[in-house]
Amino acid sequence: LTLSCTAFTKWGLPLIVLVDANDEKERFDPTQFQETIVQGLNQSGTDLEAVAKFLDASGAKLDYRRYAETLFDILVAGGMLAPGGTLSDEMTCTEFCLFKAQEDVETMQAYAQVFNKLIRRYKYLEKGFEEEIKKLLLFLKGFTESERNKLAMLTGILLANGNISASILGSLFNENLVKEGVSAAFAVKLFKSWLSEKDINSVAGSLRKVGMDSRLLELFPANKRSCEYFCKYFTDAGLKELSDFGKNQQSIGARKELQKELHEQMLRGEPLKDIIAYTREELKKNNISEKTMIGMIWGSVMSTVEWNKKEELVTEQAIKHLKQYSPLLKAFTSQGLSEVTLLLKIQEYCYDNIHFMKAFQKIVVLLYKANVLSEGAILKWYNDAHLAKGKSVFLEQMKQFVEWLKNAEEGKHFPDHFFFWGGGHGYL
């Protein structure tokens, strides 16, 4: 025992505290720290409940914050890991660790609970644990196939439980791991484990949150980095859900590029016939539906203008702009579903941009006169296909026009006096 006089009583006399020298050594000596953890694991053996209790109690006297990496190395590999993933010969090791455990789902779930309880009890270990997983993934080549499988299964469960972020997958994009096929093989085991706990929508959400949804092709070498190879690889491995997700991601990526290019072509003032030809080619090449395409075109058309902030002026500006692009909109509304989709996009846009609230009816009438929107599509929208957004306002705007559509004789000219709403006159 040692004497410590670092505190004083309220009378100014030194307060003598008895401190166990061994406790101090365990706390600040890395070798002693490791030996204490190894000894505790050896005593607990394969009883993971006992392991969790030991780790919980030890945190009160051991410096987990300082030696987090040592702690996690021992729990996973049985001892300290040297660079590359081999066990260090300098310190004592234990056989009671993840890598020496049975290779089955039940055991991996039990180990996940050990980590979960430890991190819940000592929240400051959260970041260190995530860094440890990233490091372990970089060391994959130094592990046996069985060790990789166990680590992949555990990682999948931890991802499903929300114990770690999907950002750890960035380690799998390491050039050497990718080149030798280690990353892709590990990903198969990991995603099988993850998808056994959560559905593909949950997995996709976690990937999207950290920007990993668009990077999965990087699991493969550059010469194999195609959607076709990705889909075949994971389908053959029994992960069709992930394969379909990859296809969808490619489609989303292609749409983003297409919308960007459309926007730029409009800003450059390219002839409409050239924009239409380009868009048709991209629609066919990327297997994009006309319904999806018309939504993209509407977004591009409306994003190329700096709109007036005054309500009374923005309608006139919008009518003039849309009249110019009506041939482009017409080229991609050959189906009733595409027309209704366009109406919904217009409704949504006018609702989200408050200055356009009174412009809705005039835009619809313009596109009706330009043969972009048909009577049937407008009536379908009015009766049951409209959105809830601004519903009462937009239905009221359209009421007289819809009445005219229902009662007009075929071929009868559309009267100009319907270009108003709320007493204002139109601009055509």
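The values are calculated or read from the model by the stated rules, or taken from the named source; none is laboratory data. Small disclaimer: the values here were computed from a predicted structure and weren't measured. Don't worry about glycine lacking a Cβ; one is built from the backbone with ideal geometry, like all the others, and counts go over all protein chains shown. Just so you know, the surface numbers come from the protein's heavy atoms only, side chains and all, with ligands and any DNA or RNA stripped out. Shrake-Rupley method; radii C 1.70, N 1.55, O 1.52, S 1.80 Å.
Using only side-chain charges placed at the Cβ, +1 for Lys and Arg and -1 for Asp and Glu, the dipole size of the range 107-239 relative to its Cα centre rounds to 300 debye.
Split the accessible area of the range 90-244 by element, probe 1.4 Å, and carbon with sulfur accounts for 47%.
How do 324-334, 119-129, 68-78 rank on mean C-beta neighbours within 10 Å, highest first? Could the numbers behind the result be given before it?
Numbers: 324-334: 18.5, 119-129: 15.3, 68-78: 22.1.
The densest-packed peptide leads the list: 68-78, 324-334, 119-129.
The convex hull of the Cα atoms of the range 288-336, projected and averaged over all directions, covers 3.8 nm².
Two numbers describe the Cα atoms of the range 342-408: Rg and Dmax, which are 10.9, 32 Å.
Where the alpha-carbon atoms of the range 193-342 are placed on the principal axes, they occupy 58, 32, 31 Å, in descending order.
Highest mean first, the peptides 158-166, 377-385 sorted by other C-beta atoms within 10 Å per residue fall in the order 158-166, 377-385. Model label points for residue 257 and residue 324, set 7 angstrom from Cα along the Cα-to-Cβ axis, are 2.8 nm apart. Candidates 322, 111, 162 compared by Cα position along the dipole of the chain: farthest toward the positive end lies 322, with charges placed on Cβ. Separation of the alpha carbons by more than 23 angstrom is noted, of 320/391; 240/345; 291/358; 100/134; 127/247, for 320/391; 240/345; 291/358; 127/247. Calculate the spin-label point distance for residue 180 paired with residue 116, positioning each point 7 Å from the Cα along the beta-carbon direction, and give it in nanometres. About 3.3 nm separates the two model spin labels.
Report the local net charge at residue 230: Lys and Arg +1, Asp and Glu -1, summed over other residues whose C-beta lies under 15 Å from its C-beta. Walk me through the intermediate numbers first.
Working: positive: 215, 224, 225, 232, 240, 247; negative: 213, 218, 228, 236, 241, 244.
Residues close to residue 230 contribute a combined charge of 0.
Spin-label point model (7 Å from Cα, Cβ direction): what's the residue 82 to residue 66 distance in nm? Modelled inter-label distance: 2.6 nm.
The spread of Cα positions in the chain, taken along each principal axis and listed from longest to shortest, comes to 103, 66, 38 Å.
Using alpha carbon coordinates only, what is the Rg to Rh ratio of the range 294-385, with Rh defined as the Kirkwood radius? Could you put the intermediate results ahead of the total?
Numbers: Rg = 12.2 Å, Rh = 13.1 Å.
Ratio value, two decimals: 0.93.
The mean of 1/r over all pairs of different alpha-carbon atoms in the range 202-291, once inverted, gives a Kirkwood hydrodynamic radius of 14.9 Å. Please state the relative contact order of the range 256-383 as a whole percent: Cα pairs under 8 Å, 6+ residues apart? 27 percent. So if I take the centroid of the Cα atoms in the range 25-66 and the same for the range 88-125, what is the distance between those two points in Å? Their Cα centres are 12 Å away from one another. Pairs of Cα atoms nearer than 8 Å and 6+ residues apart set the relative contact order; for the chain it is 8 percent.
Let me spell out the model: positive unit charges on the Cβ of Lys and Arg, negative unit charges on the Cβ of Asp and Glu, origin at the Cα centre of the range 174-320. What dipole size does that give, in debye rounded to 20? Write down the numbers at each step before the final one.
Details: 24 positive and 22 negative charges, 61 e Å.
Here the range 174-320 has a charge dipole of around 300 debye.
Accessible area per residue for the range 121-267 in Å², computed with a 1.4 Å probe and the full protein assembly in place, what is it?
Numbers: 6910 Å² over 147 residues.
Value returned for the range 121-267: 47 Å² of accessible area per residue.
Across the accessible surface of the range 282-406, with the other protein chains kept in place and a 1.4 Å probe, carbon and sulfur atoms take up 49 percent.
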